[in-house]
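For reference, the structure discussed in these notes is given below.
The values are calculated or read from the model by the stated rules, or taken from the named source; none is laboratory data. This one's a predicted model, so the numbers in the text were calculated from it and none came from an experiment. Don't worry about glycine lacking a Cβ; one is built from the backbone with ideal geometry, like all the others, and counts go over all protein chains shown. In case anyone asks, the SASA skips ligands and DNA or RNA and just uses the protein heavy atoms, side chains included. Shrake-Rupley method; radii C 1.70, N 1.55, O 1.52, S 1.80 Å.
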Amino acid sequence: ILEKVTASFLNVSFFSLFMELLIMSLERAMGYVPSERTYAICIRSHIITVPGALQPSPLYTVAEYTFDDDWPGFYGKIAYNSLTFTSDIASRVIEDFKEKGLDHHTLLVHCHLGKNRSPAVGIALNEIFHLGHDTEELKKTYREANWFIYDLLIETARKKCTGRDSNF
């Protein structure tokens, strides 16, 4: 079913079909071969370098971000030199997806283990852009998601809605 979706807080109107959402570990993502246009969000760590890359494919549009699994107010930084997710990174993730990802069939989000950072980003983008998945079911499936990252993405999108963020 084709339906018109208006994300007024992101100042974008678009036609949306159900967008496939894949949340994976790096290992699983390395083995995935897209059959449709896929917007891939690769989340790297600032403190741990793990070799690996997605399969080469003309069907990929790839966005890479570097931040760690820090959770201020809960368990803090995972290492003294870790890179905490910020509102600037959240703005880039949202804006990049708005500009380059909305016309894709699939959203693939991966981090090292696929348990904390990638579910947080995938669930938030699903909620922000109405990708067609039940957010509450995703939250139940990915209970270990980093809710700090999720909350900051949602908060950043809401600031745009209220006009308090001029970065969009």
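Quick check: the distance between the Cα centres of the range 29-62 and the range 121-137, to the nearest angstrom? The distance from the Cα centre of the range 29-62 to that of the range 121-137 comes to 20 Å.
Can you send over the carbon and sulfur percentage of the accessible area for the range 74-168, probe radius 1.4 Å, protein chains only?
Working: 2250 of 4630 Å².
Roughly 49 percent, rounded to a whole number.
Summarising the strand pairing of the chain, around 25 percent of its internal DSSP beta bridges are antiparallel.
Between 122, 43, 66, the Cα set farthest toward the positive side of the dipole of the chain (charges on each charged residue's Cβ, about the Cα centre) is that of 66. Cross-link partners for residue 139 among the aspartates and glutamates, with Cα-Cα distance under 13 Å and sequence neighbours closer than 8 places in the same chain left out: 127, 151.
Computed from point charges on the beta carbon alone (+1 for Lys and Arg, -1 for Asp and Glu), the dipole magnitude for the chain about its Cα centre is near 140 Debye.
In the range 92-167, inverting the average of 1/r over every pair of distinct C-alpha atoms gives 12.9 Å as the Kirkwood radius.
Which of the helices in the chain meet the span-like rule: DSSP H, Cα axial reach of 20 Å or more, Kyte-Doolittle mean at least 0.0?
The answer, listed by residue number, is 147-162.
Using the reciprocal of the averaged 1/r over all distinct C-alpha pairs, how large is the Kirkwood radius of the range 60-113 in Å?
On the way: mean 1/r = 0.0776 Å⁻¹.
Mean inverse Cα-Cα distance, inverted, gives 12.9 Å.
Averaging the sequence gap over all C-alpha pairs within less than 8 Å and six or more residues apart, then dividing by the number of residues, gives the chain a relative contact order of 29 percent.
Kirkwood hydrodynamic radius of the chain, from the reciprocal of the average inverse Cα-Cα distance over all distinct pairs: 16.2 Å. Each peptide in 84-95, 107-118, 132-143, 61-72 was scored by the mean count of other Cβ atoms within 10 Å over its residues; highest first, the order is 107-118, 84-95, 61-72, 132-143.
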